Amino acid sequence: MQKPANPRFSSGPCAKRPGFALEALEAALLGRSHRAADPKKRLAEVIERSKAILGMPADYRLGIVPASDTGAVEMALWSLLGPRGVDVLAWESFSAEWAHDIEAELKLSDVRLLKAPYGQLPDLSAVDPARDCVFVWNGTTSGVRLPNADWIRDDREGLTICDATSAAFAMDLPWPKLDVVTWSWQKVLGGEAAHGMLALSPRAVARLESNKPAWPLPKIFRLTKGGKLIEGIFKGDTINTPSMLCVEDALDGLRWAESVGGLRGLIARAEGNLATIAGWVAESEWARFLAEEPATRSCTSVCLRIVAPWFTALDASGQAKAAARLSALLEAEGVALDAASYRDAPPGLRIWCGATVEQADVAALLPWLDQAFARVAAEFAG
Ligand SMILES: Cc1ncc(COP(=O)(O)O)c(C=O)c1O
């Protein structure tokens, strides 16, 4: 049976783009100050190429920020929230973390938590346009994505703060509906970790300039000075020191994205991978999507649950052991690395299908899933 040429199906850091080799980074401006003209140009190039590929409106700002997607989200929450009530949508682990920070760390008094279990979305019609709203676009740990933004009003008064780290470059992001969008380099384009991207709409900038948070902000989160946006951050003048090696790598990923047809090409690649898995799931006796509604199935973090009767008859710890054995076998065969479900999610598999993953590799993996599952069944079902 043929093995995937590249067995890297991790949901982050994700597979490098096809054909990647370290030589691609030879032009990196190592050992240079990131404030010097040429390095700063490269940082600005990451911003400009990202904006162009993503079709971001010209009046949106995009900056490179510290601490990956988490850094970008936390900056937004700590800088923007407070003046209005907040609706937080939580349907998997990362969105639940943002809910925790808003309720328990920022201690905002007027918070509504709209929750759903793994596999589902909360009631989007309950979102109040007068309030700020915090959500992920794609729930990386449940494989449930938002099917659209129809539930976000164009005439909303609140801000929409969207963690799009496993959606950007793989799904259409309806910019006019989104006031803050964040992602990191290590996801769909297979970049290196530790750098985040923060996009702000004009309304988000207006909030930043009018809102003085009731809590102290560390330098690493500060986006304004004297009540005015620090515009430099959105032109490559980063808050602190970035890695110029990672910058070069991010540019490599962006150039590759352009070479496969930009956003449309990237989306087609991820959707093609999802369709390949969907065809197999439709025939499978033991695997189903964790996402219940087809329209909410992620084309990046594809999460599968196990429905074989012997498996569902196990208690929680037995299920966790059987699922762990399955991913260990896939790893031992060298056909899928890091394909276990997220630690807080229902036990099963999570197969990254973002644009850097080749459809031929997804197709090659599928028979191995059946073979490994048969072995686990023999061991556990007796
Ligand atoms: C939806 C979501 N938010 C936040 C994070 C954390 O991202 P990072 O490690 O880039 O900070 C992840 C990582 O997988 C994620 O999927």
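The values are calculated or read from the model by the stated rules, or taken from the named source; none is laboratory data. Quick caveat: nothing in here was measured; it's all calculated off a predicted structure. With ideal geometry, Cβ positions are generated from the backbone for all residues, glycine too; neighbour counts draw on all protein chains shown. Side chains are part of the model used for accessible areas, which takes the heavy atoms of the whole protein and leaves out ligands, DNA and RNA. Shrake-Rupley method; radii C 1.70, N 1.55, O 1.52, S 1.80 Å.
Please report, in Å, the Rg and the Dmax of the range 93-220, where both are computed over Cα atoms only.
14.8, 39
Where a ≥ b ≥ c are the square roots of the eigenvalues of the C-alpha gyration tensor, would you call the range 1-152 rounded, which needs a/c under 1.5, or, failing that, prolate if a/b is larger than b/c, or oblate?
It is oblate, given that a/c is not under 1.5 and a/b is not larger than b/c.
With all protein chains present, calculate the accessible area of R145 using a 1.4 Å probe and round the result to the nearest 10 Å².
For R145, the solvent-accessible surface is approximately 30 Å².
Using a 1.4 angstrom probe on the protein heavy atoms only, line up D154, D59 by accessible area, largest first. Write down the numbers at each step before the final one.
Details: D154 120, D59 85 Å².
The residues order as D154, D59, largest area first.
Can you give me the relative contact order of the chain as a percent, contacts being Cα pairs under 8 Å and 6 or more apart?
In percent, rounded to a whole number, it is 25.
Expressed as a whole number of Å, what is the distance separating the alpha-carbon centroids of the range 144-163 and the range 321-353?
The distance from the Cα centre of the range 321-353 to that of the range 144-163 comes to 32 Å.
Rounded to a whole number, what % of the accessible area of the chain do carbon and sulfur atoms account for, probe 1.4 Å?
Working: 8170 of 15360 Å².
Carbon and sulfur atoms account for 53 percent of the accessible area of the chain.
What does the highest-first list of 88-95, 48-55, 352-359 look like by mean Cβ count within 10 Å?
Result, highest mean Cβ count within 10 Å first: 352-359, 88-95, 48-55.
Leaving out ligands and nucleic acids, note down the accessible area per residue over the range 170-210 with a 1.4 angstrom probe, in whole Å². Before the final figure, lay out the partial values.
Working: 1010 Å² over 41 residues.
Here the residues of the range 170-210 average 25 Å² of exposed surface.
Of V188, C299, N148, whose Cα points farthest to the positive end of the dipole of the chain (charges on the beta-carbon: +1 Lys, Arg; -1 Asp, Glu; origin at the Cα centre)?
V188
May I ask what percent, to the nearest 5, of DSSP beta bridges between residues of the chain are antiparallel?
Of the beta bridges lying entirely in the chain, close to 60 percent run antiparallel.
For the range 204-299, what does the equivalent ellipsoid look like in terms of its semi-axes, each the square root of 5 times an eigenvalue of the Cα gyration tensor, given largest first in whole Å?
Its equivalent ellipsoid spans semi-axes of 41, 22, 13 Å.
Helix-only estimate, please: 222 nm mean residue ellipticity of the chain, summing -39500 (n - 2.57) across DSSP H runs of length 4 or more and dividing by its residues, to the nearest 500.
That comes out to -11000 deg cm²/dmol.
Taking θ = phi - 60°, what integer Hz values does the Karplus form 6.51 cos²θ - 1.76 cosθ + 1.60 yield along the range 56-63, in sequence order, with x for Gly and Pro?
6, x, 4, 8, 8, 9, 9, x
Rounded, prolate or oblate: which one fits the range 254-373, using the alpha carbon gyration tensor with axes a ≥ b ≥ c (rounded when a/c is under 1.5, else prolate when a/b beats b/c, else oblate)? Display every interim value, and only then the final one.
Values: a/c = 2.13, a/b = 1.81, b/c = 1.17.
Here the range 254-373 falls in the prolate category.
With a 1.4 Å probe and every protein chain left in place, work out the accessible area per residue of the range 1-125 in Å², rounded to a whole number.
46
Counting each pair of different Cα atoms once, what's the Kirkwood radius of the range 59-110 in Å, rounded to one decimal?
Values: mean 1/r = 0.0829 Å⁻¹.
For the range 59-110, inverting the mean 1/r across all distinct Cα pairs yields 12.1 Å.
Step through the residues of the range 255-261 one at a time and calculate ³J(HN,Hα) from phi using the Karplus curve (6.51 cos²θ - 1.76 cosθ + 1.60, θ = phi - 60°), rounding each to whole Hz and writing x for Gly and Pro.
Each residue's phi maps through the Karplus curve to give 5, 4, 4, 5, 5, 9, x Hz.
Ranked from the most accessible area to the least, with a 1.4 Å probe and all protein chains present, what is the order of D179, D128, D110?
D110, D128, D179
Just to verify a number: what accessible area does F221 come out at with the full protein assembly present, 1.4 Å probe, Å² rounded to tens?
Rounded to the nearest 10, that gives 40 Å².
Roughly what percent of Cα-Cα pairs across the chain reach past 35 Å?
For the chain, the fraction of Cα-Cα distances above 35 Å is 27 percent.
Taking all protein chains together and a probe of 1.4 Å, list Y60, Y118 from the most accessible to the least accessible.
Output order, biggest surface exposure first: Y118, Y60.
Could you report the accessible area of T296 in Å², rounded to 10, computed with a 1.4 Å probe on the protein chains as they sit in the structure?
Approximately 10 Å² of T296 is accessible to the 1.4 Å probe.
Say the cut-off is 24 Å between C-alpha atoms; which of K40/K219; K41/K212; K40/K225; K187/K235 go over it?
In this structure, K41/K212 lie more than 24 Å apart at Cα.
Please compute the per residue accessible area over the range 289-329 with all protein chains in place, 1.4 Å probe, rounded to a whole number of Å².
Heavy-atom SASA per residue in the range 289-329 reads 42 Å².
Please pull out the direction-averaged projected area of the range 10-93, using the convex hull of its alpha-carbon atoms, in nm² to one decimal place.
Computed as one quarter of the Cα hull surface, the answer is 9.1 nm².
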